[in-house]
Every structure is written in C-alpha cells, then in structure tokens.
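> Provided herewith is a single structure, encoded as structure tokens, for subsequent inquiry.
The values are calculated or read from the model by the stated rules, or taken from the named source; none is laboratory data. As the structure is a computational prediction, the values presented were derived from the model and not from experiment. All Cβ positions, even for glycine, are placed from backbone atoms using ideal geometry, and neighbour counts span all protein chains on display. These area figures cover heavy atoms from the full protein model, side chains too; ligands, DNA and RNA do not enter into them. Shrake-Rupley method; radii C 1.70, N 1.55, O 1.52, S 1.80 Å.
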Amino acid sequence: MKRINCLGLFKNSFINLNYKNINGIIKIKPITITKIITAQSSSNFNNQIRFFSSGNNGSPLKFLNESSNGNENYEYFKSIQKKNDTEMDTKFYQNILNDFFNLKQYDQAIKIYEEICKNKDIKFDKQIITRMMKAYAEANNMEKCLELYNENQNNFDIIMGQVIIKGYLDQSNFEEAMKWFEKCDQLNLIDIGVFSTIIGKLSKSGQFGIIDMMLNQIKNKNLNLDAKLYTSLFNGLQNYTGSGHVERTFRFYQQLMSKDSNVKMDTKLFKTIAECLYYKKQYKTVIELYDQFKYDSSIEFSFALPKILSSFNFHLPNSPTDILLLWSSIKNPKPSHYSCYFHFLNNSNEYNYFKNYKFNIPEIIEIQLNNNKNNINNNNNNIFQNDIFIVNQIIRYHIIDNDFTKAWSIFQYTLSKSIADVFSFFYILKHLSIHSTNPIVYNNLKEILTSSYYINLTKQFSEYKKVIWIPILKRLNSSEELKPQLKQIITLLEKHTSESLSFYNKVLGDK
C-alpha cells in the first residue's frame, strides 16, 4: 500500500514550523490568506452585463465573492457601479440583489435596494419584492416589510404571507403573526408550509397545547403533514425531556413511521429524529431508526453519526460489519466524524463489544489517510484536527511503519499545541529507548525527561509509571540483547528525574 505524508495533516495549517528542541522556543508563522477582489476590465465587465441582460442564466458569483463579508462585496459593487453605471439595467440590478440574498447578506441588499429606488427609475419584479420583504423581516424591520406589502397588495400571495408571519414570529409577536395567519386563511392562502412556519416557532417555546390545536386544523383542512413540519416538531421536542414529552415524541414518531404515512424521510428529518430520541435516552429506537433506513442512499447519515455511534454504546451492534457499513455510507467525512468514529472503535476494543474481535485502529487510520489524501490537499484541512487519541494512533502507525522522522515531527506538533498526553510520550520513549545507546538518542531522551512539559505531565497524571515506564523497562529487561539499553534508561531516570528506582526494581524482580 502506498504510504502518504501524515505530517502534512498537521502542517497544512502552518508555515515554517521551526522547533529548536523540546525545551526551546517554538516559532509558528500562521498562514494568512488574503482574499483580493480584482476589478475586471471595463470591456469584460460590459460583456458580462450584456450576458445577464440577455436572459441567460448567469451565475451571480461572477460578481460577488462567496467568501467575502457583506461590506467587502458592497464596496466591490459600488466600484463597478461607478465605472459602468450607464450599462446597468433592471436585469443586472435584480441579479446583484439576488446575489446578496443568496449569500444572506441582507443588510447590504437593503442598502443597494434603497439606493436604486432613490436614484433609478426601476420597477422590480414580484420575486425581488418578496425577497426584499424577507430582507427587512430578517433585519427586524417589519415596518418597512409592511410598506412593501402595501405597495404590492395586488401581488400578495402565500409566500409573502409566510414572510410576514415568520417576521412577526421572529419578533415573538405571536398576536400579529396569528392576525396574518387568519388573513391568509380568509384568502384561502394557507398550505402546509404556513403551518410549518408557525409550528416550528411554537415548538421551540414548548407551546405544544397550541400545536395540538393547529394539528387538528391541518386535519380538518385535509392537508398532509410533510417532512418540514415533522422536522419542526421533533426539533422543538429535543429541548423537553418530561414524561409527557417522551410520550408525545413516540406518538409523532409512530405516526410518521406508520404505513399510512406518505412522508418521505430526508436527511434533515432523520437527523432531527435521531437527536430528539437520543436526548430522551431512547438509544434502542435510534438504532431501530437507523436500521430501517441504512440502505437508503438518499439520506446522508454523517449529520446523525455522533448520535448513532453513541447509541451503539448503549445498544450494541450485532457485528463489527454494522459499524463498518455505517462508516462506508459517510460521504466526505469531517474531523468530528473521524473523532467519534475512532473513539467508538477504541471503546469497542477496550470494553469487548465483540467477542474475539478487535478493530485494528492503526490500519484503519492508514486506510483513511490514503483514501482522503486528495481531499486533504485540496481543502488544506487537517481531517483529524487536534484529537489526541487519533493523533497518537498516527504516531504509533509511523513508528510501526519505520518512519520515526514523521512520528517525531507529529510528536513535536502535539507539544506545540499542548495536547500531548502520556500515550504520546509512551510511543516516542518506547522507540527511543531501544536506541538509547546512541549518544544522540540519549541526549534526546535527556531533553524529554528534563522538559517542563514532561515534568508537569507526570505531576498531573499519577499513573504515568504504569503507562510509560513499566512497559518500557519490562521490554528491555526481557532480552539479553537489550540489557545495555536497559542500563542506559535506568541511568537516565536516576540522574535526570526524581524517580524512585526501588519501585521499578520490584516490578522487574530486582534483576
């Protein structure tokens, strides 16, 4: 199997990591990424304006930077407007506003819209008006939102109604929200989406009595509950753990899962149900939910992975294959996914979840490193972040792979980030002790044992002798060939630490 540079995982986020030694100063120069928005040439920009005005589907991101904040994008727009004002028509301005809406930079959309209305004779279409109403609602300015409604009453529809209802709900003005709900109802502009908007807000504040009444209204109107509404219900129920809420959760769950239900499970609904059941300690039901949909390729289980694996800790899987199948379904795993996955594997090994079976964690990590090599390079992302358990496994893997240079570099990284633990030191010291007769290695060992990090760690972790030195000394004592190394290590402990050698002599049988 082709080996990859695991050190790159930890150096991707830094440039020029210069380590003097374990006691020395660690100089880290962070990478700084400057996003520069370069104004395009006038002729090129004019071509783009004509492209947008021609009715073709241009991408707004040709103009605005998705990674920039609203103010940067606004200044960029103003610089282009100044150079090309005469070329800009209604279609262009609508595309620009839609761009800000898509980026959810509502304050800048409002600023541009008001400037256009003040200085230009432009009439925007219904979509832009509705989106501007939403922008004002998001900015907590319902007065302006209603002004736009008053100017466009002839175009009032169910989407505008939802915008106004949600705006008042976001202000916790339930009275006004219900007035608009009744207005929409009178105009026969009520669908399941309007109910979902209201129920979503009510569920977060625990107003389940009112929700029950609204569910009856839905039934009377012969409307069908959809995935969005169920998501709102389970999302609200997550925060309430009383026995009545557990019963309510199961009632909605059984209703959703019944044969009469036509609701199609989607990723967001699956995640919300799994979290709701998990917070109510219904671990077995979480696993049953996963088992029912585990072969549904339309559901992305990564969002619910922590809750599924945690539930497996309480309700054990039938076989290791169940865990490997779950992991194989995770697309583009993130650091948090790797963390909970490998911690579950470790729990499985430590507590014997499977009789006569242990996961080979270093080997599995190696496979993941190789599988994600391109993803790591492209995204400049450390897939394991600073999870010391996983980092230690990578150190161990490189030592097994006879690449101590990489193992040592990663160990130095853990010191620089102050995340190294007793196992980080154990893997390194175990390897170095075999070569302790080498003067250079001897000095490295001395530096480690006299470092403030190691000294503080041994003070904080009273069991460090059992984790680090007893296994090392027993190994060196097990072979005549390693007796010189054993002597060197004992000399190091005697001269450069406050260790009690009588303790180790007892462990070693006074040999």
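> Over 10 Å apart: what share of the alpha carbon pairs of the stretch 455-495 falls there, rounded to a whole percent?
More than 10 Å apart: 72 percent of the Cα pairs in the stretch 455-495.
> Continuing with this model, one more query. How much area per residue is accessible in the stretch 434-486 when the probe is 1.4 Å and only protein heavy atoms are counted (Å²)?
That works out to 56 Å² per residue.
> Per-residue HN-Hα couplings for the stretch 344-357, Karplus 6.51 cos²θ - 1.76 cosθ + 1.60 at θ = phi - 60°, whole Hz, x for Gly and Pro?
5, 4, 5, 4, 4, 5, 5, 9, 6, 4, 10, 5, 6, 9
> Enter the accessible area of residue 214 (Å², nearest 10), with the probe set to 1.4 Å and all protein chains included.
10
> Aspartates and glutamates near residue 120 by alpha-carbon distance under 12 Å, same-chain residues fewer than 8 away left out - which ones?
85, 89
> Bin all alpha-carbon pair distances of the stretch 157-248 at 5 Å intervals from 0 and give each bin's fraction as a whole percent.
Reading the bins upward from 0: 3, 14, 25, 27, 19, 8, 4, 1, 0.
> Could I ask something else about it? Listed here are the pairs 179/204; 446/466; 204/307; 204/417; 281/417; which of them are more than 29 Å apart at the Cα?
204/417; 281/417
> Would you mind giving the three semi-axes, in whole Å and largest first, of the ellipsoid equivalent to the stretch 430-511 according to its Cα gyration tensor?
Semi-axes, largest first: 19, 16, 10 Å.
> Would you mind getting me the FRET efficiency between residue 417 and residue 157? Use the beta-carbon distance for r and R0 = 45 Å, nearest 0.05.
Efficiency computed from Cβ-Cβ geometry: 0.25.
> Further question on the same structure: In the stretch 386-465, carbon and sulfur make up what percent of the accessible area (probe 1.4 Å)?
51
> Provide Rg over Rh for the stretch 146-185; use the alpha carbon set for both Rg and the Kirkwood Rh (inverse mean inverse pair distance).
0.96
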